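Report on the following structure.
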Ligand SMILES: C[S@@+](CC[C@H](N)C(=O)[O-])C[C@H]1O[C@@H](n2cnc3c(N)ncnc32)[C@H](O)[C@@H]1O
Ligand SMILES: COc1cc(O)c2c(=O)c(O)c(-c3ccc(O)c(O)c3)oc2c1
């Protein structure tokens, strides 16, 4: 006789079914929001609104962007979705204005010396990322050896940021590097203003995987007495703008990390597996003095807060799925962080501050 399973859920009522249907449509179609955003950015709508003095009507936009006037009503429909999603504002019918988010997408506006975040929108909605995301179910079914390639690697045959990516598709590689730079550079100004004590009293710092030194230069400007080493791969250091203020070191963080009072890992560890992180952190520990001598690690990365809810948690989880899709890393909650710190031989840590989705953590030897 077939086992009889008690229903786990009562049959939904009509009211629930009606609601469920609308929710299902929204969840299935909400990818059109980033697509509408991509369209708006490619057309240059945030920049046009900014240049028109901060507000614009549809016909202002059609004229400014030299679009065929016959497209005006269609543009109105895209704009309506973007207003409802909070990407643009409309305080008066048919008149559009920027919100802080769309301000980040205006060409030529510099926040903390960094250009717009357009590259994030373009990369996140690009064919290579979408193809990788479309391959998720197939990736789950595959039983492959360790180290597990990410879905991106599975679909495209190369990992993001790998040199061979530039050979496979130079345009896609450029878009991803621009997004990475836009993502990484955004926020050091806020960190310096909000977490002043983080760097106070330090005589030296190694910015581990510090890229082209943008972050290091901002720190030296605020704290001129700190001696900063920027460690990154030779191909990155070769292209870094020359600077007297920072000491560039071409190398590999798995081999050796320049000694300093503190080592900073900003948006680095989310790219790596737990095993790699423990290895990296152990190398960092060798590069710093004891806690008594002021030795510490500074980690700036997402700290997932599972007890929260709403858009911030959703942002953190979306970033986690981005990492799942494109890297071998993940976004970590406090328990995950604590566990890798202990395994790497550190004695204690403190979450100094949460800045939106990201956290600033000090880790002590
Ligand atoms: C996400 S970026 C880090 C961003 C940077 N910390 C910032 O906040 O601007 C990752 C960096 O790690 C570097 N990288 C990757 N593998 C590395 C390795 N084995 N040794 C040193 N640097 C490496 C990459 O070249 C890239 O610049
Ligand atoms: C916020 O939204 C986005 C959108 C994107 O398109 C990317 C992206 O393309 C990307 O490579 C990365 C990224 C990859 C590896 C890292 O180690 C890292 O720090 C960042 O972040 C992104 C974030």
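Remarks
- Among the residues of the range 131-153, those that are crowded, with 16+ Cβ neighbours inside 10 Å and part of a helix (DSSP H, G or I) comprise 132, 133, 139, 151, 152, 153.
- Unmet criterion (only one of (1) closer than 23 Å to residue 288 by Cβ; (2) in contact with a helix residue (DSSP H, G or I) (Cβ under 7 Å, 6 or more places away or on another chain); (3) more than 13 Å from ligand 2 (Cβ to nearest atom)) for residue 155: (1)
- Scanning the range 226-248 for residues that are more than 25 Å from the chain's Cα centre (by Cα) and under 22 Å from residue 163 (Cβ atoms) yields nothing.
- Residue satisfying all of: in the range 188-235; more than 8 Å from ligand 1 (Cβ to nearest atom) and at positive phi; surrounded by the fewest Cβ atoms within 10 Å (Cβ to Cβ) among these: 201
- Residue list for the range 307-323, filter: away from ligand 1 (no atom under 16 Å from the Cβ) and either within 27 Å of residue 147 (Cα to Cα) or surrounded by 12 or more Cβ atoms within 10 Å (Cβ to Cβ) (or both): 308, 312, 313, 314, 315, 316, 317, 318, 321
- Flag for residue 210 being more than 20 Å from residue 290 (Cα to Cα), within 16 Å of ligand 2 (Cβ to nearest atom) and touching a strand residue (DSSP E or B) at 6+ places or on another chain (Cβ under 6 Å): yes
- Long-range neighbours under 6 Å by Cβ, at least six apart or interchain, first residue touching a residue at least 12 places away in the same chain (Cβ under 8 Å) within the range 230-243, second exposed (fewer than 15 other Cβ atoms within 10 Å of the Cβ): 234/250; 237/250
- The lone exception for residue 83 - which of (1) in contact with a helix residue (DSSP H, G or I) (Cβ under 9 Å, 6 or more places away or on another chain); (2) surrounded by 14 or more Cβ atoms within 10 Å (Cβ to Cβ) it fails: (1)
Read-outs throughout are calculated quantities, based only on the coordinates presented, and are distinct from any laboratory measurement. No experiment lies behind these values; they were computed from the predicted model shown. Note: ideal-geometry Cβ built from the backbone for every residue, glycine included; neighbour counts use all protein chains shown.
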